[in-house]
Amino acid sequence: MGAVGGVQGAIGWWMVASGLEAGMITVASYRLATHLGLAFVILGLLAWYILQLGRSEADLMQARRGREARLFSMSTGLMHFAFLQILLGALVAGIDAGRSFTDWPLMGGQLLPPGAFALVPLWTNFFENPGLVQFLHRTAGYLLLAFAVVVWLRGRRSPHAATRAAFHAMAAMMLAQAALGVVTVLLAAHWSVAIAHQLGAVVLWVLILRARHLALYPRGGALRGAGT
Ligand code: HEM
């Protein structure tokens, strides 16, 4: 953890240095995304360790025997997808793309925003074109929400009450976060709502990890509460 924290410090400086170069009025968006991504990795590791340390080793070993393998792998998929969405969010914030199109559900009155592939070379549009970057973050957000519902439907069938509750909380936060994203668009990324949306991602991230942890280490003995 210490080493990762140190690397994060170096990346932080690398990011800030990009904003000090002549002609730059903000930091490079790729560096900002790297910094935010690593911040979420650190938060994720911390949350996982806290969840582990909150229970005795014997309890964890016992609980693991009753793990829900399918639910755990679905949660792992959800975790990776959410991480990708967070990186896309950093790219949106990094180039102020949240202010480029403020209509919803369409963008500039179209499904695909006008000028989505205006930059040359083509690949740069995926990272630097405000319209396309916001479009990708919006679309991935809807897909993430849909996948979260699928995982939640599986989670609510868990025989463990604590696991079910964790998946309910994750799904509720996912819905709130997507709604907050829409409000962020409609208010042209006003700082107050943009910060709430960023904080929402932090809460959601921890809730996904907590649900995933309970799928691997269910609480309350092997099958207590089955059928309830
Ligand atoms: C559902 C899961 C979602 C997650 C986990 C998520 C996460 C994030 C994150 C981490 C950021 C970067 C915040 C920052 O660094 O300041 C961001 C920015 C943004 N997101 Fe989302 N987002 C989600 C859905 C959405 C949706 C559905 C929309 C719109 C329809 C949206 C619109 C935006 C906008 C406009 C920004 C830029 C805000 C700014 O300029 O600070 N997001 N998102």
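The values are calculated or read from the model by the stated rules, or taken from the named source; none is laboratory data. Just so it is clear, the model here is predicted, and its values are computed rather than measured. Ideal geometry is used to build each Cβ from the backbone, glycine not excepted, and the neighbour counts take in all protein chains shown. Ligands, DNA and RNA are stripped out before the accessible areas are found, and what is left, the full protein with its side chains, is counted by its heavy atoms. Shrake-Rupley method; radii C 1.70, N 1.55, O 1.52, S 1.80 Å.
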Burial ranking of peptide ranges 141-147, 32-38 (average Cβ count within 10 Å, highest at the top)
32-38, 141-147
3J(HN,Hα) from dihedral phi, the stretch 157-173, Karplus parametrisation 6.51/-1.76/1.60, rounded to Hz, x for glycine, proline:
8, 4, x, 9, 4, 5, 5, 4, 4, 5, 6, 4, 4, 4, 5, 4, 5
With Rh as the Kirkwood radius over Cα pairs, the stretch 36-175 has Rg/Rh of 1.09
Once amide H atoms are placed 1.01 Å from N in the peptide plane, what residues at a sequence separation of 5 or more from residue 220, or on another chain, have their amide H within under 5 Å of its amide H?
none
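Heavy-atom accessible area per residue, the chain, 1.4 Å probe: how many Å²? Could you put the intermediate results ahead of the total?
Values: 11920 Å² over 228 residues.
That works out to 52 Å² for each residue.
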For the stretch 118-129, in order, what is each residue's ³J(HN,Hα) by Karplus, 6.51 cos²θ - 1.76 cosθ + 1.60 with θ = phi - 60°, in whole Hz (x at glycine and Pro)?
6, 7, 10, x, 3, 4, 5, 4, 5, 10, 10, 8
How many angstrom separate the Cα center of the stretch 130-200 from the Cα center of the stretch 16-63?
19 Å
Please list 3J(HN,Hα) in residue order for the stretch 35-50, calculated via the Karplus relation 6.51 cos²θ - 1.76 cosθ + 1.60 where θ = phi - 60°; whole Hz, with x for glycine and proline.
5, 5, x, 5, 4, 6, 5, 4, 4, x, 5, 4, 4, 5, 5, 4
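Would you calculate, for the chain, the mean residue ellipticity at 222 nm contributed by helices, counting each DSSP H stretch of 4 or more residues as -39,500 (n - 2.57) and dividing by all residues, to the nearest 500? Mind dumping the intermediate values first?
Numbers: 8 runs with 160 residues, N = 228.
One gets -24000 deg cm²/dmol as the mean residue ellipticity at 222 nm.
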